[in-house]
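Note sheet for the following structure.
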Amino acid sequence: MPQVKIIAKNFMDMVAALPALKLDMLYDNGFICEAVLRSLPPLAKKYVLQMLYIDNSIPAKSMEEWVLAEGLSKHKNAIDRLTQLRVFLETVDRKKETSYILNPKFQSNLRKYLMYGGVSPREPMPSSVTVRLPSLEDLEAYALEQWESFLLQLISPSQADKPTNFSSSVMKVFQRGLLSQRDKEAPRLTEKGFQFLLMDTNAQLWYIIREYISNSEDRGVDSADLISFLLELSFHVAGEAYNLNTLTEVQRNTFKDLADLGLVKLQQGRKESWFIPTKLATNLSVSLSDSSSRKQGFVVVETNFRTYAYSSSKLHCEILRLFSRVEYQLPNLIVGAITKESLYSAFQNGISSEQIISFLQQNAHPRVAERTPSVPENVTDQIRLWETDLNRVEMTPAHLYDEFPSKDVFEAACDYARDNGGLLWDDSKRMRLVVKAEIHMQMREYLRRQKQ
Amino acid sequence: MASIPSKLYSDDVSLLMLLLDTNPFLWTGANTTTTSLPFPGFLTHVLSFLNSILLLNQLNQVVVIATGVNSCDYIYDSSSSLQKTADSSENGRMPILCSRLLSKLEEFVIEDERLSKDDSPEGIVSSLLSGSLSLALCYIQRVFRSGPLHPQPRILCLQGSPDGPEQYVAIMNAIFSAQRSMVPIDSCVIGAQHSAFLQQASYITGGVYLKPQLPDGLFQYLSTVFATDLLSRNFLRLPKPVGVDFRASCFCHKKTIDMGYICSVCLSIFCKHHKKCSTCGSVFGQALGDTSSTDRKRKTPET
Amino acid sequence: MAAGQVVMRAKYKTSVKDPGIPGVLKMTWDKFIFTPNDPRSSGKLDVGFKSIKGHMFSKEGSKKALLNLTQYQGGGYIFEFDKFPDRDVCRDFVGKVLGKLQSVVPSGQDAKVVSERSPATVQDEQLSPEEMERRIKLLRDASELQKLHKEFVITGILTEAEFWATRKKLLDVDGSKTSKQRVGFKSAMLADVRPLTDGRTNKVTFSLTPEIIHQIFAEKPAVHQAYLNFVPSKMSEKDFWTKYCRAEYLHRTKNAVAAAAEAAEDEELAVFLKDDDILAQEARQKIRRVDPTLDMEADEGDDYMHLLDHGILRDGIKETTDLQYELYKRTLSQDLNRHAAVVLEGRALEMELGDTRTVAEALARSKQAELATKISDENAYQERLERASRMTEIEDLQAPRTLPFAPLCIKDPREYFDSQQANALKALGDAVAGTRPMNCTLSTEEAYGSFRELISEMRAAGLSDPVVKPEVSLKVLNGLTQHLSSTKYNLGKSAQESVLDTLPKSTKEELLHHWTSIQELLKHFWSSYPITTSYLYDKVSRIKDAMSHIYPKLQEIKESVQSDFRHQVSLLVQPMLQALDAAFAHYDADLQKRSTRSGDRPNGFV
């Protein structure tokens, strides 16, 4: 999904935008280095790897030797990213030759990794202390439930049955851009909001987290700290319990929010309390990579405009309801039909046909995803046609001129309007013409001059 | 949404099948002359390389297959060991990957020794490359069949032993099946001489063949050349051997020839006409003698 | 010819029948001029070859030595020569000129490569028009071939015959494809010879043509047999056919009773009236040949004969069967089936239809051939049985049917593959020439023992840190980079990519063209050895000359390309030069041998 890339990239942009000093400080933490490395484009990863044991700087020219003509843009992109993130430090010598050297902190951290492999950031608590940990499945279900209820609250606060921990101001921040609220009306999803719903979980998560971090300063939390903490979190093992006492006060506060998002589950033991990261958390750094991640779809669209969505999610049902008529719901199946009426209401909400089609295509059930096209052509065509139905009449603000004194004046006026690209319609018999509103002033000026 | 997708693979996610040459004759004895890199050093390079592959992407997967003299076996699989992180590293001196691999390797060597038949082999002792190639391909096939989302597999042979001629057919078959399933075979030759088999393997499957000039810098070779994922290979120029000689050599005098006779049964090649194939024993029909054949050929233009 | 013009005495005719105007025909490279002997005559011609499409000529040995130059616009100029050799000189010249013109004209334009049939066409080759057509078609289809043809045949390096001799296969394949359609029997039921009654008298007339007779023979083997038996030993041909017609007439009138009566009297007539034994036998054979797995029961319901009004009408009268005389009755369906069978057999009317006797005999011969196939039918029967058993068998219970094969036995695989390896090593063992392949003085036990030690040692010691020394790393990286930049221009970027693709298109095409033409020349060159006739001697020297012209051309290519590609081009040209050099070396050696051995026969005769 392209969105994931954009969102995730935006997140790394945020990291890259940190001041150099802060960035270098971040690299003290091995996990940050690891996460940053993983977020790099493939070519950049390779460059880092080959520089790992080289202390000297390598001239840019010699790196370009390796690049094929087709790969030049990728190469540029990779180098840009590396320098933005201060993984590569650029030096320009007297002869104006650029060369790069690997950030020493980054380098030593990664070398350590190679020697000792990936280690967990903190030791999990022994099972003797933690009484009974939830199974991975339970944990996943929990994460999902948390996430969905958060989403529901986000998009339609009235429907949410469980209030979250987030203060309404924080919630407002999240909602910014996704919902539009006119006076006294129920908030409605904006176009962006719809797109947000259509993203996959990781992308949505990153979107939320980015918003969360960007207003962290308001809450008195350093954004660099937060970033490093979140990235570190993703290196914990899902399903293991970790002692909350190892965290700072700020981090513990953050955890309450994260629990609301379903990233971690907090549990209270007899003496101690601990947190269990869910898969949502551990997948964070995975989805950071530039690669396009795919997910299993669930929707089958038939040529008779019926849709079968193999999902039990309430959210999916809501999304489908946006543009189709849901006919019945079975425990794991939502059957609906794409109708003219359902589409019209979607179009009225500012959803475009292309968005609907791309949603259907991206979420196509694996069985149909193998086929091309994954959504029947007649359906996609019809959706587009129905959209253009609405656009039959085009509105152009205009002005009507009539009662010209003479044919000559009228024709001169017509020519003038035509030359300025503003003539919409003219009737030479009755000497009337319609001119676009933009050139009304010019037109008036012109006519006044003619009169004199 | 519904569930976090079980597999999130993208184009640069790699599955690296590493074939490790564990021929004891290669690494011991007068090994200082064969390779200037002792085994522990070699393994250090390889293990760091494996770690670096795993570092690049959380979804990258590494499988190590030991190529012994009498057998071969999987000795490490990063996907299966994910769950068992609990049995932490034994002395903190090395990563879990390393200790696990070493213990499996030890078991493997003991087993390999048990299977050996004769006491002191004469001539060249080659390792069972065909077997480990087949194992790797089987594993890859299983990955292919696991679903539409799978990592991009490639095979890397770290080979030091000389080619075993008796494995020719098996290796060629493996090469062609790798070619069919579009799995590149990279080869890094650490032995004293070039490997004709691996040269062909890499050439045919579009992999990289490299014989490091400086054995001490093995890791650098591995990380610079062989760590490149398949996606990036589209954009990079990787070292290629100057040429692969596909000319055949005759079986009778082992000379490289441009033109010769081929047995129609077993495809043995000879530089001159024989009455009988020395390889498969097929009796060749009386070839038209020089005079008769040229006469026959010539008649046509005259008419 | 070489002078570029031909002057010949000839007669100009407007048509073949025309007596013609005697005069002198003068041909130059671009036009031909005819000047009548009688200056007052109107037959003066001055025509450019550009307007000439092709030329035709009468065969050697025909009455007149004619040459017809046809125009694009239609029509043409016919010249009659006194002697064939005169004509041939002109014809060859025309061929050359037209060939040259055509090679100037882009070949696709009219696709008439026609008259590249050129001088060499030939001293001793008379081609049938079809043959020529085929060659022309081949040339038109394969531009590669056409190029070669133009280069060698038109310029006279190779003769037409030599050129095609190496391409017999092309011609053959093509020839078999264009085998002409054979005419079979008409599907109309001719065999029923209709009697013509004039209405006034009782006379009935049957008219038989050879074609009808042939068809009668084909459809009615009994008649055929009878004819062979009776005519002319027992009765004249006329009597035979009279009898036949009489029998037909009886059939036709449905006069079964009369037929029975007459058959009793005349045994020859009976032959015609009775059911055809041979036919019956053939039918039985056919029944046997029916696929045993065919489900006949499935069609049982389709029997329309039982329904009312579904009988077959013959000449508008519904057939009814009278059991008593059934022997003498033939049903229409029988006739229909027989006729259909004959038509499907597609016996062609190949022989000249004329003499009835020869027709009958020819038919008998072809029958004989069929008999031979009947023997193979016995085998087929066996096969059918097998097939039936296969179809009805229960697959699970059968032993697996394996094809008999001889296993490939390789006595010593080492011998098979060692050679390859030795070769590879020889070629590649660059820097490591000094090192021994492997030291195998160790016993297995020792080797494994120390190997295990190494492993456990490593387990204890852990990884050495750092993995690589930075200096070494840098050296390796620089080394690789250098290697890359040095090979960048010598090789394609991927192993699969051909060096040729990197060259400019024109250079690439030129190289490829030279390569094919060199191959063509070499093929002819080597096939001429050993030289046994003066003809071959000529040919070799001709080819040799042509080959020597290629050297400067190759050199030219090499110099014309940009300096970036020069190295690659010279690499590509190298094998061509080598092949040519080898040919020349052989030529020189052969010449030397020849001169020392037979100094008194300088002409090359052996």
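The values are calculated or read from the model by the stated rules, or taken from the named source; none is laboratory data. Quick caveat: nothing in here was measured; it's all calculated off a predicted structure. Virtual Cβ from ideal backbone geometry, glycine too; neighbours counted across all protein chains shown.
When B:Glu166 is tested against the conditions (1) of a type in the set (D, E, K, R); (2) assigned to a helix (DSSP H, G or I); (3) more than 9 Å from every other protein chain (Cβ to nearest Cβ), the lone failure is (3).
Summed over segment A:221-252, residues that are of a type outside the set (Val, Ile, Thr) and within 26 Å of the chain's Cα centre (by Cα) total 16.
Across segment B:134-163, the qualifying residues are those that are under 16 Å from B:Leu18 (Cα atoms), in a loop (DSSP other than H, G, I, E, B) and within 15 Å of the chain's Cα centre (by Cα), and the one among them that is farthest from the other protein chains (Cβ to nearest Cβ) is B:Gly160. The residues listed here are A:Leu49, A:Leu23; of these, the one that is out of contact with any strand residue (DSSP E or B) (no Cβ under 6 Å at 6 or more places or on another chain) and closer than 16 Å to B:Tyr221 by Cα is A:Leu49. The sole residue among B:Ser223, B:Ser187, B:Ser177 that is small (Gly, Ala, Ser) and over 16 Å from the mean Cα position of the chain (by Cα) is B:Ser223. When each of A:Leu72, A:Leu43, A:Leu82 is tested for being closer than 28 Å to B:Leu230 by Cβ, in contact with a helix residue (DSSP H, G or I) (Cβ under 9 Å, 6 or more places away or on another chain), more than 11 Å from chain B (Cβ to nearest Cβ) and in a helix (DSSP H, G or I), the lone residue that passes is A:Leu82. The set of residues in segment B:176-227 that are without any contact (Cβ under 8 Å) to a residue 12 or more places away in the chain and either closer than 25 Å to A:Val48 by Cα or of a type in the set (Val, Ile, Thr) (or both) comprises B:Gln213, B:Leu214, B:Gly217, B:Gln220, B:Thr224. Scanning segment B:253-282 for residues that are more than 7 Å from every other protein chain (Cβ to nearest Cβ) and modelled with pLDDT under 75 turns up B:His253, B:Lys255, B:Ile257, B:Asp258. Taking segment A:295-401 and the strands (runs of 3 or more DSSP E) fully enclosed by it, the elements with 1 or more residues that are closer than 30 Å to A:Trp425 by Cβ are at A:398-401. Scanning segment C:132-159 for residues that are over 19 Å from the mean Cα position of the chain (by Cα), crowded, with 20+ Cβ neighbours inside 10 Å and within 21 Å of C:Phe57 (Cβ to Cβ) yields C:His149, C:Val153, C:Ile154, C:Thr159.
Inside segment A:324-364, residues that are under 11 Å from A:Thr307 (Cα atoms) and within 22 Å of the chain's Cα centre (by Cα) make up a count of 2. Can you list residue pairs whose Cβ atoms sit under 6 Å apart, with the first residue in segment A:56-69 being within 9 Å of chain C (Cβ to nearest Cβ) and the second being surrounded by fewer than 16 Cβ atoms within 10 Å (Cβ to Cβ)? Count only pairs 6 or more apart in sequence or on different chains. From residues that are within 9 Å of chain C (Cβ to nearest Cβ), the pairs are A:Glu65/C:Ser485.
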